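The values are calculated or read from the model by the stated rules, or taken from the named source; none is laboratory data. None of the values given here were measured: they were computed from a predicted structure. Accessible surface areas use protein heavy atoms only, side chains included; no ligands, DNA or RNA. Shrake-Rupley method; radii C 1.70, N 1.55, O 1.52, S 1.80 Å.
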Amino acid sequence: MLAGRAPPGAADCCRRFLAAALAAGLRPLLCGLPPCWATARRAVGQWPSPGLRVPEAAEAERLVQQAQRTGVSLRRFIACPQLARTVQRCLQDGARPGPQPVLLECAPGPGILTRTLLNAGVRVVALESNSAFLPNLQSLENSLDGQLKVIYGDFFRLDPLVTGTVKPPAMCSDKLFETMGVAAVPWRADVPVKIFGIIPQKKERNTLWRLLFALYECSSIYRYGRVELNIFISEKEYKVLTAMPGDARTYQAFTVLWQVGCEIQLLHMEPWSSFVTNLKNGGLAVPKSTWLPNDHLCLVRLTPQQNLFTRGLKPTNAATFIFMVKQCLAKPKSKLTDRLNSWSLDNGGKLLRELEIPKKAEARNLYPEDYRRLFEALQNSSMFTETWFHDDVLESIRNINL
């Protein structure tokens, strides 16, 4: 037999062998991959791309218009496939090797980002409060092999302060995490869940305050660990969130508390005009801002600090820390010694010297870490009693959580 020539019928035999191998599920072996490659990828949160069609912006806008309901608050949606790809890359940027947490997408609407994430191999839980969007999302869920789960609910009405049964789309976080199949992990463990959403324009600051309280008290979503938020917020709120000491307007208690509690990372800035609204006239409804720029929505990643509850700060005394900061910065230009004296401290100046904080320092000039050190020193001081924890402070808790 001559070298390089196959015997008669060998080609047909080879073809039959290859077809049988593929039919037997041996394709991964032929490609040099382990037999359970799909199962292995799913185990680490990496799914093969289903190759879904992503509708163009005009089609997505029609879906939003068709889903309009009377009495529904203003909502914004991602309709542009290019913006969806940008957000998808931002969400996956910096991911560590190994198992990836599930991504909870809040208010996916027409599902443009949902499909883009699925095509990138991300496991998604879609939490949608508008029942008009559910059929398309559920149809997509049924076409996939467990990569997508659709839940009827509203993330921004999570854990309402009501007695009795919670009426959907409001829901409790324990029910949500149980449905997602996510268990609580220790605080210093890796991020158990990533959340993406566009903060509603109405009561934007109030929503961020509620999340802040939940963070420091380890309640709601943070009972399950260091949940990572990836949220679009207004540019003016981002400016306050990342303000530096010295600015009496933008440097606020809100600023200090978020900077102590989380690593803050700006992922992307996008003009308001890139988003579709559910308004009947299709208007943008851009909120006005008199003294801060507000031309964009900012995609911000808020990752809780692993060391947040080391040293003296704990979930059990976090409310005291929050309102210490709030009272200090209620008058940003006031001297810190005056505030300490108002708390019936006999020797506040001595405490500041021990912390190497200038005696004449104004509240607006302290860095976030200085406020934490001050709180921990007060907790350890025999001079300190919580006489400043007044009824109006407790009332402010109720107002923030409404």
Debye log10 I(q)/I(0) for region 208-250, one point scatterer per Cα, at q = 0.29 Å⁻¹: -1.00
Ranking by accessible area, most exposed first, for Lys335, Lys194, Lys280 with a 1.4 Å probe: Lys280, Lys335, Lys194
Cα centroid separation - region 197-217 against region 54-86, whole Å: 23 Å
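Going down the list Lys149/Lys194; Lys202/Lys236; Lys202/Lys331, which pairs span over 18 Å between their C-alpha atoms?
Lys202/Lys331
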Exposure of Arg188 as accessible area (Å², to 10), given a probe of 1.4 Å and all protein chains: 140 Å²
Nearest-10 value in Å² for the accessible area of Ser334, using the 1.4 Å probe: 30 Å²
Protein-only accessible surface order, largest first, of Val185, Val87 at 1.4 Å: Val185, Val87
Surface accessible to a 1.4 Å probe, Thr290 within the full protein complex, Å²: 130 Å²
Residues whose placed amide H lies under 5 Å from that of Val300, excluding near-sequence neighbours: Ile231, Phe232, Ile233, Leu267
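Can you send over the carbon and sulfur percentage of the accessible area for region 218-371, probe radius 1.4 Å, protein chains only?
Carbon and sulfur: 47 percent of the exposed surface of region 218-371.
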Residues with amide H under 5 Å from that of Asp159, placed H, sequence gap 5 or more: Met171, Cys172, Ser173
